[in-house]
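Chemist: If you scroll down you'll find the structure; I have some questions about it.
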Amino acid sequence: MEHDREPTRAWVLHPDIKSDRDRRPAGFALEEAVSLAAALPEIAVIGSEIVPLQRPQAGLLFGKGKIEELKARIEANEIELVLVDGPVTPIQQRNLEKAWGVKLLDRTGLILEIFSDRAATREGVLQVEMAALSYQRTRLVRAWTHLERQRGGLGFVGGPGETQIEADRRAIDEQLVRLRRQLEKVVKTRDLHRKARAKVPYPIVALVGYTNAGKSTLFNRLTGAEVMAKDMLFATLDPTMRAVVLPGGGPEVILSDTVGFISDLPTELVAAFRATLEEVLAADLIVHVRDISHPETGAQAADVEDILASLGVDKAVPLIELWNKIDRLPEAEAEAMRNAAGRKDGVFATSALTGAGLEPFLAEVARQLDAERHETRLHLPFAEGRKRAWLHDQGVVETEEQGEDGFDLLVRWTDRQEKRFREM
C-alpha cells in the first residue's frame with residue numbers, strides 16, 4: 001500500500017578537488033549529480049553547490065570552516081539528506097553525519113539506491129543486492145530511522161518496512177554467498193534462454209550509450225514498445241529485447257536496449273552489472289546513441305567506449321554512431337551536425353523523438369548486417385544430422401544436395417554463426 005509522505009529534502013554537493021588532474025568541469029558534474037538525485041522519486045533536491053577543495057581532508061573531507069558554513073545552510077533549509085558527488089570514506093561519512101545531524105550518501109550509495117529502485121528482473125535485483133552488500137561491508141553498518149520509506153530497499157535509508165541491518169561482516173559474507181548461488185542459478189537459466197535465442201536466425205542489434213542519451217526513446221520508436229523512457233538518468237536498467245523488422249524488406253533483428261553508462265561508475269557497480277551488459281557481447285551490431293546536444297557529448301562518448309573496451313567487446317563487431325537529439329539544436333547548428341555526420345562512415349544525425357534521420361540509419365543497419373555474411377561450402381556426413389538441423393534452424397542454407405555419404409551445402413552466414421558451428 002502506497003503511503004503519501006513528504007519527499008526527503010536533499011542538498012547536493014560536488015567536491016571540486018584541485019589536486020585531481022582528471023576532474024571533469026565542475027558545473028556539468030554538479031548538473032549530472034542533481035539529475036541522479038532527481039531519478040529517485042522520494043528525494044526532493046532543495047539546493048546544490050560546488051565546493052572547491054585543494055585536497056580532501058582525511059577525517060572530514062571538507063575543512064572545518066566549510067563544514068560550519070554548510071551546516072548553517074543545511075539547517076536553514078531543513079535538509080534531511082546530503083548527497084556528495086564523489087567517494088566518501090566510512091570515517092568521513094560518520095563524522096559529517098555527526099557534524100550536520102543528517103543522513104549522507106556518496107555517489108556510490110546514491111547510484112545503488114537508484115539501481116535498487118529500477119531493477120526489474122530477478123537477475124537485476126540480485127546484482128544490486130550483491131553490489132550493495134559489498135559496499136556496505138566496507139561501511140560502519142547501522143540503522144538510520146530518521147529517514148523513513150516504505151519501499152524495501154538496501155538499508156542505507158532505513159524505514160519501518162525494512163530490515164535494520166546490524167549484522168557483522170560474517171553475516172554479510174554469508175548473505176553474499178547465498179546471493180551468489182542464487183545469481184548462478186539465474187544466470188544458468190538466462191544462458192538457456194540465450195541458447196534458445198541462438199536458434200533464432202535473427203541478428204542482435206544492441207543500443208548502448210551514456211545514460212539519458214535517448215536509447216529508450218529510440219527503442220520505443222522502432223519497436224512500439226512501452227519501455228520506460230523518461231528524461232531521467234538510469235531510466236532503464238534491465239536489457240529489454242524485441243524483434244523488429246527493418247523497413248524496405250530488410251532483415252528481422254532483435255533490438256536490445258541496455259542500461260545507460262555513466263562516468264566514474266564505481267568498480268563494484270561495473271562488476272555487478274557486467275551480466276546485464278553481456279547482451280552487448282552477444283550483439284552482431286552495436287549502435288552507440290549519443291546526446292549530441294549535450295555540452296559534454298565528447299567526454300560521454302569516451303566513457304562509453306572505455307566501458308565497452310573493459311567489457312571485452314570484440315573490435316570486429318561493427319558499430320554505428322547515432323548523433324541523437326538533433327532537434328534540440330538551433331537549426332544552423334543542427335544542419336552543421338548533419339553535414340559533419342554525412343562526411344563520416346557509420347555516423348548519422350537523428351532525432352529519436354521526431355523520427356528525423358532514422359531512415360538512412362536503418363538502411364545502414366540492414367546493409368551492415370547483410371554485408372557481414374559470407375558464403376561457405378560444407379560437406380556433412382549423414383551422422384551429423386544435428387549440425388544440419390542447426391544450419392536450417394539458423395536459416396543460412398542457400399542450397400543443399402544429397403550425395404552417397406552425406407549432404408553438400410552452400411551456406412551464407414556470419415562469422416559468429418560459423419564460429420558457433422565449428423564449436424559444435
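The values are calculated or read from the model by the stated rules, or taken from the named source; none is laboratory data. None of the values given here were measured: they were computed from a predicted structure. Note that we place each Cβ from the backbone using ideal geometry, even for glycine, and neighbour counts take in every protein chain shown.
Chemist: Identify all residues within the stretch 39-61 that are at pLDDT below 85 and either surrounded by fewer than 18 Cβ atoms within 10 Å (Cβ to Cβ) or charged (D, E, K, R) (or both); write none if there are none.
Modeler: If the condition is that a residue be at pLDDT below 85 and either surrounded by fewer than 18 Cβ atoms within 10 Å (Cβ to Cβ) or charged (D, E, K, R) (or both), then 41 is the only one that fits.
Chemist: Starting from the stretch 111-125, keep only residues that are touching a residue at least 12 places away in the same chain (Cβ under 8 Å), then list their pairs with residues that are among the charged types (D, E, K, R) whose Cβ atoms are within a distance under 7 Å, requiring at least 6 positions of separation or different chains.
Modeler: 119/238; 120/238; 121/238; 123/190; 124/238
Chemist: Filtering the stretch 1-38 down to residues that are among the hydroxyl-bearing types (Ser, Thr, Tyr) and either within 26 Å of residue 117 (Cβ to Cβ) or touching a strand residue (DSSP E or B) at 6+ places or on another chain (Cβ under 7 Å) (or both), which residue is surrounded by the most Cβ atoms within 10 Å (Cβ to Cβ)?
Modeler: Of the residues in the stretch 1-38, the ones among the hydroxyl-bearing types (Ser, Thr, Tyr) are 8, 19, 35.
Adding the requirement that they be either within 26 Å of residue 117 (Cβ to Cβ) or touching a strand residue (DSSP E or B) at 6+ places or on another chain (Cβ under 7 Å) (or both) leaves 8, 35.
Numbers: 8: 22, 35: 17.
Result: 8.
Chemist: Let me ask something else about it. Out of the residues in the stretch 75-101 that are under 33 Å from the mean Cα position of the chain (by Cα) and among the charged types (D, E, K, R), which is modelled with the lowest pLDDT? Before the answer, list the steps.
Modeler: Just the residues of the stretch 75-101 that are under 33 Å from the mean Cα position of the chain (by Cα), to begin with: 79-97.
In the following step, the residues that additionally are among the charged types (D, E, K, R) were identified as 80, 85, 94, 97.
Values: 80: 94, 85: 94, 94: 90, 97: 94.
Ranking the candidates gives 94 first.
Chemist: Let me ask something else. Within the stretch 21-34, can one find any residue that is touching a residue at least 40 places away in the same chain (Cβ under 8 Å) and either under 16 Å from residue 104 (Cβ atoms) or touching a helix residue (DSSP H, G or I) at 6+ places or on another chain (Cβ under 6 Å) (or both)? Give the steps one after another, and end with the answer.
Modeler: Going through the stretch 21-34, the residues touching a residue at least 40 places away in the same chain (Cβ under 8 Å) turn out to be 24-25, 28-30, 32-33.
Pick out the ones that are also either under 16 Å from residue 104 (Cβ atoms) or touching a helix residue (DSSP H, G or I) at 6+ places or on another chain (Cβ under 6 Å) (or both) and you get 33.
Yes, the stretch 21-34 has at least one match.
Chemist: Please give the number of the condition residue 367 fails out of (1) in the same structural domain as residue 245 (by TED's automatic domain parsing); (2) touching a residue at least 60 places away in the same chain (Cβ under 8 Å).
Modeler: Result: residue 367 passes all but (2).
Chemist: If I filter the stretch 187-206 for residues that are within 28 Å of residue 34 (Cβ to Cβ), assigned by TED's automatic domain parsing to the domain that holds residue 243 and modelled with pLDDT of 75 or more, do I get at least one hit?
Modeler: Within the stretch 187-206, not a single residue is within 28 Å of residue 34 (Cβ to Cβ), assigned by TED's automatic domain parsing to the domain that holds residue 243 and modelled with pLDDT of 75 or more.
Chemist: Within the stretch 272-349, which strands (runs of 3 or more DSSP E) (wholly inside it) include 1 or more residues that are aromatic (Phe, Trp, Tyr)? Before you say what the answer is, go through the steps one by one.
Modeler: Working: elements: 285-291, 319-324, 347-349.
Where strands (runs of 3 or more DSSP E) fall fully within the stretch 272-349 and carry at least 1 residues being aromatic (Phe, Trp, Tyr), they are 319-324, 347-349.
Chemist: Still on this structure, please answer the following. Confirm whether residue 159 is assigned to a helix (DSSP H, G or I), modelled with pLDDT under 80 and small (Gly, Ala, Ser). Steps first, answer last, please.
Modeler: Values: assigned to a helix (DSSP H, G or I): no; modelled with pLDDT under 80: yes; small (Gly, Ala, Ser): yes.
Against the criterion (assigned to a helix (DSSP H, G or I), modelled with pLDDT under 80 and small (Gly, Ala, Ser)), residue 159 does not qualify.
Chemist: Here is a check on your reading of the model: is residue 78 in contact (Cβ under 8 Å) with a residue 24 or more places away in the chain, touching a strand residue (DSSP E or B) at 6+ places or on another chain (Cβ under 7 Å), on the phi > 0 side of the Ramachandran plot and surrounded by fewer than 18 Cβ atoms within 10 Å (Cβ to Cβ)?
Modeler: On the way: in contact (Cβ under 8 Å) with a residue 24 or more places away in the chain: yes; touching a strand residue (DSSP E or B) at 6+ places or on another chain (Cβ under 7 Å): yes; on the phi > 0 side of the Ramachandran plot: yes; surrounded by fewer than 18 Cβ atoms within 10 Å (Cβ to Cβ): yes.
It is true that residue 78 is in contact (Cβ under 8 Å) with a residue 24 or more places away in the chain, touching a strand residue (DSSP E or B) at 6+ places or on another chain (Cβ under 7 Å), on the phi > 0 side of the Ramachandran plot and surrounded by fewer than 18 Cβ atoms within 10 Å (Cβ to Cβ).
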